[in-house]
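A quick write-up on the structure given underneath.
No value in this document is a laboratory result; all are computed from the given coordinates. Small disclaimer: the values here were computed from a predicted structure and weren't measured. Neighbour counts are summed over all protein chains in view; Cβ atoms, including those assigned to glycine, are modelled from backbone coordinates with ideal geometry.
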Amino acid sequence: MDLKNLTISQIQELLFSKKVSVVDIVNFYLERIKKLDPQIKAFITITEKEALIQAKNLDDKIKKGDKVGKLAGAVMAVKDIFLTKNIQTTASSQVLKDYLPQYSSTIYQRLIDQDAIIIGKTNTDPFAFGGSTENSGFFTTKNPWNLSKVPGGSSGGSAAAVAADLCQFALGTDTGGSIRLPASLCNISGLKPTYGLNSRYGITAMASSFDCPGVFAKNVEDLALLTQFTAGVDPKDATTIDNPVPNYSELLDKVNLKGLKIGLPKEYFTDPINTEVKTKVLEATKFFESKGATLVDISLPSTKLGIAVYYILVPSEISANMARYDGIRFGRNTDNNPDITSYYMNTRGQYMEAEVKRRILIGTYALSSGYYDAYYTKASKVRTLIKNEFINALKKVDVILAPVSPTTAWDIGAKVNDPLQMYLVDAFTVCTNVAGVPSVALPCGFDNQNLPIGFQLIGNFFEESKILSIAHQYQQFTDYHLQTPNL
Amino acid sequence: MSSSKISMLDLEHIAKLARINLFESEKITFLPQLESVLEYLDVLNQANVENIEPTFRVNDQKNVLRSDEIVDSFDQKTALSTAPKTQDGYFVVPGTIKK
């Protein structure tokens, strides 16, 4: 049976009507991975053995009539910065090569508890530091739409795996755009939730006040289903909020597009945006207008400061978080050092990738004596401005609509030697992380090279159900998200 | 570059503070890259932040407390299982005091 491009509910229909078994589903994806991943290179580890054991157990449960989880039959890829017990977790860095965690990250475990099946661990920039996967300590993932292009990053392996139909959904993290950017460049849907909705426990820490784990899927309906299980307070992450988790799936049709006020921030429709991206995103706004929504011009004036704020505060937090990698309790180390300082310097110098070092150095500089106020304090104050601008704008409009990436996918290698150019690809995504508000990214067309274009809907704190509902209704009337690459 | 933000000495100092040994080739590559990033950050000089409080966390949580109860944790073998070097049930750490 052809299982190509099925969503979770479609595959569950086949499963529960006994037309396929879970083993059939897993084998379908394993075969696709074996055929296609040698070119795409989405996966660092393929968990064939674990997946088949899980599948067989689940089939037995179904056969016996036992109760199964809400994600039975759903097959996931997991960004390799999520700790997965007894499954290699490298964070795409040589620092953690061969690392076998003793425990699992909370949101991965919550999905497993619902009988989702892990098919593999995906490539990313090391410790999620990057926007293209090219910084990975292992290899670069290719964009399934054009193998000479980047998939975006940092969660590029997860996005490419979903886009190439090597799994049904994937876990990623978004610290400055790392879910939305690759989702947009690969023509899939991705949710960066409100900071504090999804637990960060068991995920290698990048910038602890920014990191937002979330999901990639083939449509918004699946994002809603999955977020139902990932969301919610976790005693192991003190920044998760103890709010009741809404039933996102049931709320997908709730928002009335008629009379909805959609804010279009002028700073997101200007330089550095590419003309074709702008045209397609504006076409999406016309769709909402045709359904009775009102488009409102708004301004988020501090947007132009977003990248600077981000590249002070995030490296600062990175420099503190990365101090734990000393090769003593876990990770690789070096021998024959004359003293402990040499031991640290050589161990970290030997295995950290260039971008890992660069970010630690920028953060150490920004936090060092004499520079702290000029960089860290100043940026933390501008963070307040950016956050307040979102809060004030969302008093006037119901939701904000903007492009995700200023351009479509770029050539592999084009920006690798210029870190600043690479940082600027997140110009339209970082501010939501600076502020902490949620954003969903979804496809809205293609450029003249048939490369995907996406837009994002940004809501107020914990308004995931609202933005998912608006995005879902867009997908009921459009078929951009149904387009798949020729592989 | 007369107004350079970072010199080779600064870079070496920062690397020492961060406990990262840089290869010579990395120093040569990183210096202009960090210079251009730091120059870009000057855009923040445009911002008027007078009377603005800094934001260190985006939600309004205060201390999150839990009761002080003993819960299950790793046994010694599991806790040590990822360490590159162990001895007699301990992590092996390089000497911090010279003999």
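Within segment A:148-164, the residues that satisfy the criterion of being among the aliphatic types (A, V, I, L, M) and touching a helix residue (DSSP H, G or I) at 6+ places or on another chain (Cβ under 6 Å) are A:A159, A:A160, A:A163, A:A164. Which count do you get for residues in segment B:33-53 that are part of a helix (DSSP H, G or I) and either of a type in the set (S, T, N, Q) or surrounded by 13 or more Cβ atoms within 10 Å (Cβ to Cβ) (or both)? Qualifying residue count, segment B:33-53: 13.
Checking each residue in segment B:54-79 for being closer than 30 Å to A:V382 by Cα and surrounded by 10 or more Cβ atoms within 10 Å (Cβ to Cβ) picks out B:P54, B:T55, B:F56, B:R57, B:V58, B:N59, B:Q61, B:V64. One residue stands out in segment A:155-186 among those that are free of Cβ contacts under 8 Å to residues at least 60 places away in the same chain and closer than 21 Å to A:G306 by Cα: the one that is surrounded by the most Cβ atoms within 10 Å (Cβ to Cβ), namely A:P182.
The single condition from (1) more than 8 Å from chain B (Cβ to nearest Cβ); (2) assigned to a loop (DSSP other than H, G, I, E, B) that A:F330 fails is (1). Looking at segment A:363-387, which of the residues that are facing chain B (nearest Cβ under 9 Å) and surrounded by fewer than 18 Cβ atoms within 10 Å (Cβ to Cβ) is farthest from A:M206 (Cα to Cα)? Per the criteria, the residue is A:A374. Selection within segment A:333-362: residues that are surrounded by fewer than 22 Cβ atoms within 10 Å (Cβ to Cβ) and hydrophobic (A, V, I, L, M, F, W, C). The member of this set that is farthest from the other protein chains (Cβ to nearest Cβ) is A:A354.
The set of residues from segment A:96-108 being touching a residue at least 40 places away in the same chain (Cβ under 8 Å), under 21 Å from B:T78 (Cβ atoms) and not charged (D, E, K, R) comprises A:L96, A:Y99, A:P101, A:Y103, A:S104, A:S105, A:T106, A:Y108. With respect to the conditions (1) more than 7 Å from every other protein chain (Cβ to nearest Cβ); (2) over 21 Å from the mean Cα position of the chain (by Cα), B:E35 falls short on a single one, namely (2).
Among the residues making up segment A:449-487, a single one is in a loop (DSSP other than H, G, I, E, B) and closer than 17 Å to A:L295 by Cα: A:G459. The residue that is surrounded by the most Cβ atoms within 10 Å (Cβ to Cβ), counting only those in segment B:11-29 that are within 8 Å of chain A (Cβ to nearest Cβ) and over 17 Å from the mean Cα position of the chain (by Cα), is B:E26.
Please go through segment A:335-355 and give me each residue that is among the hydroxyl-bearing types (S, T, Y) and either over 12 Å from A:Q94 (Cβ atoms) or out of contact with any Ser or Thr (no Cβ under 9 Å at 6 or more places or on another chain) (or both), ordered by number. Write out each step before concluding.
We begin by selecting, within segment A:335-355, every residue among the hydroxyl-bearing types (S, T, Y); these are A:341-344, A:347, A:351.
If the condition is that a residue be among the hydroxyl-bearing types (S, T, Y) and either over 12 Å from A:Q94 (Cβ atoms) or out of contact with any Ser or Thr (no Cβ under 9 Å at 6 or more places or on another chain) (or both), then A:T341, A:S342, A:Y343, A:Y344 are the ones that fit.
Go through segment B:4-34 and give me each residue that's closer than 19 Å to A:N337 by Cβ and among the aromatic types (F, W, Y). Hit for segment B:4-34 is B:F23, nothing else.
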